[in-house]
Amino acid sequence: MRKSVVILDSKSWRSAMWSSTGTNGGLASRSHRSFPKNFWLWSKFLSDTHEMVEMLKKRFGRDKIYLVGHSWGSLLGMIEISRHPESFYAYVGVGQFVDVTQGDRIGYDYTLNKAREVGNEAAIQELEKIGPPPYDSFDTFLTFRKWIIPMGGVFYSPTYIQDVMITDIRNASEYTGEEKENYEMGEGLLVSTIVPELPKYNLLNQIHEVKVPVYFFAGKADYNTPLKLVEKLYEQLAAPYKELFLFEKSGHAPNYEEENKFAQIMNQHVFNQTYYSPVVDKPVRIFLNGKTLNLKPLLSDGQLLLPLRHTMEELEATVQWTAAANTVLVTSDRMKATLALGSEVAESGDQEVRLSTPASLVEGSTYVTVQILEEVLHLQVDWNPAKNEMNIFSK
């Protein structure tokens, strides 16, 4: 994910990529190539994930961060956010692992059918000999993996891993030559250790609800973590907010294969919809028709955000949330408005209103800007910067 995380760096954001424990630098010294038997226990990966999150929060002085999990790292990610939701603004699953056993069966069927379609007799013979998964031995699993990549079941381009990903690793300035040479050794040792552990997990049965916004990025050509299963998880998972983005020209690594689209969605959707700061330089007093509102506004990109439900219910309006569509309907005897989280267009009556900043979700509540209060909900807002007061009036 190196290139795809670097492209997100800016004055506002800093990204950190955690390589699998024991790969790259961890194998740089020959004296460290003999690891204890428990070095790659799945429980250690889970504890390392949480330790890394806490370290980053402390280093950057943040109560919350964003978590992006790719491939089997997305399984770690889902477990982490289910256990520690208080640490995250949102979670992004790229090539999301769902049910490893069922996913491998889908991948096997695709690979064998593709081999028959193109007439690859060597692939057909080996795949028919081992049969469909699950497999008792790691060597049998490797036979299956040997063919799924060239048959186009992992990347949109079957040669992508060699043409781009391996080249990216070899050109990475942060690794020494010896560390680069040890990459394949480390990955091989790692995969042989964790693969037997993965079938124990089926998120469809084990995680039904999370308390943070969730975004799934899925490549249509991915039969490593099949889109069919990601869609099923997306449909059944309960979350404050969730969204599934499809990448037409990607397989298992849309963060690599369509890195510009990946960065665009991260910036325009994930960050815009979920980032906020609870810090306001001075306490803001808010009045609604002369009545003091006990609200704590948030700050996002220099704009004050107010909780929609609390504000509108004070005006005896009805606020209805539709999770399936990620929309909020506000109705009263004088107005009707619809807001879609993350959308730059809102409906006010029969009119569309272009928004400079969409409505956002913060810890399960919808927050809106002054523009939305004025132009969508038809309230009058007077801001007094000298007194740090906001007066809201129903027209």
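The values are calculated or read from the model by the stated rules, or taken from the named source; none is laboratory data. Worth saying up front: this structure is predicted, and the values here are computed from it rather than measured. All Cβ positions, glycine included, derive from the backbone under ideal geometry; neighbour counts span all protein chains shown.
Quick notes
- Scanning segment 214-261 for residues that are assigned to a helix (DSSP H, G or I), aromatic (Phe, Trp, Tyr) and touching a residue at least 40 places away in the same chain (Cβ under 8 Å) turns up just one, Tyr256.
- Flag for Arg334 being basic (Lys, Arg), out of contact with any Ser or Thr (no Cβ under 7 Å at 6 or more places or on another chain), farther than 25 Å from Pro85 by Cβ and at pLDDT 85 or above: no
- Screening Phe287 with (1) farther than 30 Å from Leu142 by Cβ; (2) over 14 Å from the mean Cα position of the chain (by Cα); (3) not in a strand (DSSP E or B) gives one miss only, at (3).
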